[in-house]
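> The structure follows.
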Amino acid sequence: LTGVLDDCLCDIESIDDFNTFKIFPKIQKLQERDYFRYYKVNLKRPCPFWADDGHCSIKDCHVEPCPESKIPVGIKAGSSNKYSKVANNSKELEDCEQANKLGAVNSTLSNQSKEAFIDWARYDDSQDHFCELDDERSPDAQYVDLLLNPERYTGYKGPSAWRVWNSIYEENCFKPRSVYRPLNPLAPSRGGDDGESFYTWLEGLCLEKRVFYKLISGLHASINLHLCANYLLEETWGKPRWGPNVKEFTRRFDPAETKGEGPRRLKNLYFLYLIELRALSKVAPYFERSVVDLYTGNGHEDAESKALLLDIFRDTKSFHMHFDEKSMFAGDKKGAKSLKEEFRLHFKNISRIMDCVGCDKCRLWGKLQTQGLGTALKILFSEKEIQSLPENSPSKGFQLTRQEIVALVNAFGRLSTSIRELQNFKVLLQQTR
């Protein structure tokens, strides 16, 4: 996979180098910080589009809540005491982790973290443009430690997973009825309407609709890469071994196995990376203001987190081949406004489809990455509002909630990891030949 990407003047080799040597190590470090590792999510929202076909019964998909007796009192009571630097006794957490099965979504948090979240909530503004947000006040919404719940292959597949991706591609990617070939890359092709004729149609679309398809395809490719890179290779004596599965990677991306589709999917991953990278460089002025604080209650940690985030922003600005979003929605004002609204509603619909994912682990990461991309789009279409932000007071024109910030950073972290994993697979493939 080499050369220049379509719809932007950027080559794959430049992105690989930039990601490997500048972005990846720093974003990994940032994701380990308390502010970015806890994400609030409601995994019990009903699917709004079809009757729920039941959650998958694979143990790696489950949310395995802690026994009531093990949950720290402060969490159950919703204590809003002043933030304490003295950590809660970690014995309870250790017992809790032992009680959790492999791969379960671990929703246990220390008293200390819980109190910090109550303060964080005051910093939040509920407005969102591109995503259907969870109601954080719902009793079903819970904080999840993303580090204890890594995205990986859980075994969730079959009709339920198929239906989710099919709905995303077929009903939301601006496909006209004249194109019979399924957009879903997992779909079997029908008759002669395959391959190049489909891409001829895609190239004939306006830039915005073509970009929309590429974003969804790139997100799909990225998720598939994570599953291939963190695959359950074997489980002996109850001890799982996770790692890269070259055979699975080949099945999903090799040109011969995918009728030439694999490299296109990977190019769309790079395109998505560029879009989110551009959003990070554009949103920098929002965070550079002294009034914005990555607040956890631990002043020293908060200052370090913000310094690291600003360092990443400096790197994103130094990248010299950004996607130019000014080329989007640049037609006549009425048509551009209508198209932008259509774009937004389609994406919002996709965020709602994530509530139809039957595997809780997959649903968690699907919702987070969709919200991260939605936040990136919100940023790219709010340039004027960001440029006119007041230095010393919160802005009414443009605001990010903590949820959006956490999703934005972690979603980009996933793309950065995907591109890094792609380098690893290149090496592994050379070794197997």
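> Given the pairs Lys267/Lys306; Lys26/Lys378; Lys22/Lys326; Lys348/Lys384, which are separated by over 28 angstrom at their Cα positions?
Violating the 28 Å Cα-Cα cut-off are Lys267/Lys306.
> So, R0 is 30 Å and r is the distance between the beta-carbons of Val4 and Glu385; what FRET efficiency does that work out to, to 0.05?
0.40
> Check which residues have an amide H placed less than 5 Å from Val144's amide H, if you skip close sequence neighbours.
Excluding prolines and chain starts, which carry no amide H, the hits are Tyr39, Lys40, Val41.
> So, one more: Determine Rg/Rh for region 283-363; Rg is computed over alpha-carbon atoms and Rh is the Kirkwood hydrodynamic estimate from the same atoms.
Value, to two decimals: 1.12.
> Taking every alpha carbon pair in region 279-330, what does the distance histogram look like in 5 angstrom bins from 0, in percent?
Reading the bins upward from 0: 4, 18, 24, 19, 14, 10, 6, 4, 1.
> So what's the gap between the Cα centers of region 311-334 and region 258-280, to the nearest angstrom?
About 16 Å separates the Cα centre of region 311-334 from the one of region 258-280.
> I've got another one for you. Does region 202-255 come out rounded, prolate or oblate, given a ≥ b ≥ c as the square roots of the eigenvalues of its C-alpha gyration tensor, rounded meaning a/c under 1.5 and, failing that, prolate meaning a/b above b/c?
Prolate.
> Here's a follow-up. Would you kindly state how much longer the chain becomes between Leu233 and His320 on full extension, computed as 0.36 nm times their sequence separation minus their alpha carbon distance, in nm to one decimal?
27.3 nm
> With the Cα gyration tensor of region 231-328 giving a ≥ b ≥ c as the square roots of its eigenvalues, does the rule (a/c under 1.5 for rounded; else a/b larger than b/c for prolate; else oblate) give rounded, prolate or oblate?
Taking the square roots of the gyration eigenvalues as a ≥ b ≥ c, region 231-328 is oblate.
> Hey, rough spin-label estimate for Glu13 and Glu257, points 7 angstrom out along Cα→Cβ, what's it come to in nanometres?
Each label point lies 7 Å from its Cα, and together they span 2.7 nm.
> For region 319-398, count all C-alpha to C-alpha pairs, find those more than 19 Å apart, and express that count as a whole percent of the total.
55 percent
We did not get these values from a lab; they are worked out from the coordinates using the rules stated. Predicted model, so just to flag it, every value in this text is computed and none were measured. Here Cβ is always computed from backbone atoms with ideal geometry, including for glycine, and neighbour counts include all displayed protein chains.
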